[in-house]
1. In segment 38-76, what residues are farther than 21 Å from Asp130 by Cα and in contact with a helix residue (DSSP H, G or I) (Cβ under 7 Å, 6 or more places away or on another chain)?
2. Scan the helices (runs of 4 or more DSSP H) fully inside segment 113-229 and keep the ones with 2 or more residues being without any contact (Cβ under 8 Å) to a residue 60 or more places away in the chain.
3. When you scan segment 314-328, do you find a residue that is hydroxyl-bearing (Ser, Thr, Tyr), under 21 Å from Met244 (Cα atoms) and open to solvent by 30 Å² or more (accessible area, probe 1.4 Å), even just one?
4. Search segment 64-94 for residues being under 11 Å from Ala218 (Cβ atoms) and surrounded by fewer than 16 Cβ atoms within 10 Å (Cβ to Cβ), and hand back the single one that is modelled with the lowest pLDDT.
5. Can you find a residue in segment 188-199 that is open to solvent by 50 Å² or more (accessible area, probe 1.4 Å) and either more than 28 Å from Met15 (Cβ to Cβ) or at pLDDT 85 or above (or both)?
6. For segment 26-42, how many residues are more than 10 Å from Asp8 (Cβ to Cβ), crowded, with 16+ Cβ neighbours inside 10 Å and among the charged types (D, E, K, R)?
Amino acid sequence: MKELVTLDRQHPDFMKYLWGTFSDDSRALPLKSLNIRTAQETVTFRIVPLKELSKPSWPVIWLKALRPRAFLQILIPMFLVLCLSDSQGLLVHPDLPWLATLGMLFLFASLLFANDVQDHLSGVDRILPDRGSRAIQNGWLTASTLQGVSTLCLVIAALFAVPLFFAVPFTLMMFLPAVLIGSWAFYRRSESFKDVWIGSFALFLLAGPLLVVGYQTALTEGFDLQGIALGCLWGWLVLFPMHMRSLSQLVAEGRTGSSRTLVGRLGFDRSVRLIQLWWIVGLFGFVGYHYLDQAPFWFWLFLFLLVAFSTRFVKALRALKSPAGSAVEAVRKQGEFYFHALILLWVLEALWRMGS
């Protein structure tokens, strides 16, 4: 039998309901959250017995919780570094790429799970229905279970890292700052790292320079200026779709008083100018990087076409008058299309270089 329960943050069982530990045979599905991240926060839960809960099979649940598409954030830069190192003949040991790659995959899975728990507890995923994997909000997994699996993945990642540290001790120089920044960003409980003004910079470092330079160091026992440039460029570009999504969610976040992202802090008009500048700077960086890398003629032909067509996105972005309505979502999808086309062109160029 289903029932509704409304609790405020002062209630002694409030966190038990959020963590999913209040009962062994029921799930508390959050229906409505008010005044999130304040002392006056209240949440209305629908209590559903496990036997009445509708859910897919366990493999599907964990596949949704993992969000395979999100792994492209690390797989693509790692692939680019691997192609770069191979084309330069700098791969020093055949087993190091496997150790480094598996370690990074488990580490990223740990961060994804921790981020889902973080955003659920802070309230972001409870008020925005298209955020996160929805595994916790649908009652398929509890926040407590997801946190435990996150810790397990972190331990497995560390086991892969240990032999890597012995083989290439210099990787510790990249590992330690990444651990400090990652712990601060993904294992905080009060709020999402996206809602802190330096959260975007932390993600830039983790997804860009620290990931690329650390992976390059693990593969080649060193790094170079091209690796640093690749990491900075990737870190900059990967933030672009995040800013676009924040812009499309500006109205929904504003209604709850939770718009603390960089885009939310700037407001609509300044955010539009920020995203426009972000895309243009990313394009200039992309052109400059491949000019120094002496990309082939066919690459420049396709890049010219991509840049020319992407001016339509810039014009559509500048034409936005309000964060409300379907126009913002249409512009977001348009921007993400050009972003993915740019990354696909980069991957194809890397494949061509490795095969030539």
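The values are calculated or read from the model by the stated rules, or taken from the named source; none is laboratory data. The shown structure was predicted, so the numbers you read here are calculated from the model rather than taken from an experiment. Please note: Cβ atoms are built from the backbone with ideal geometry, for glycine as well, and neighbour counts cover all protein chains shown. The area values use the complete protein model at the heavy-atom level, side chains included, leaving out ligands, DNA and RNA. Shrake-Rupley method; radii C 1.70, N 1.55, O 1.52, S 1.80 Å.
1. Residues satisfying the conditions are Ile74, Ile76.
2. On the way: elements: 124-127, 143-167, 172-186, 199-207, 209-220.
So the answer is 143-167, 172-186, 199-207, 209-220.
3. Looking for residues that are hydroxyl-bearing (Ser, Thr, Tyr), under 21 Å from Met244 (Cα atoms) and open to solvent by 30 Å² or more (accessible area, probe 1.4 Å), one finds at least one in segment 314-328, hence yes.
4. Keep residues of segment 64-94 that are under 11 Å from Ala218 (Cβ atoms), which gives 78, 81-82, 85, 91-93.
Filter once more, so that each one left must be surrounded by fewer than 16 Cβ atoms within 10 Å (Cβ to Cβ): 91-93.
Working: Leu91: 75, Val92: 71, His93: 75.
Step by step, filter segment 64-94, then rank; the result is Val92.
5. Start the filter on segment 188-199 by keeping residues that are open to solvent by 50 Å² or more (accessible area, probe 1.4 Å), which leaves 189-190, 197-198.
Next, from what is left, pick out any that are either more than 28 Å from Met15 (Cβ to Cβ) or at pLDDT 85 or above (or both): none.
No.
6. 2
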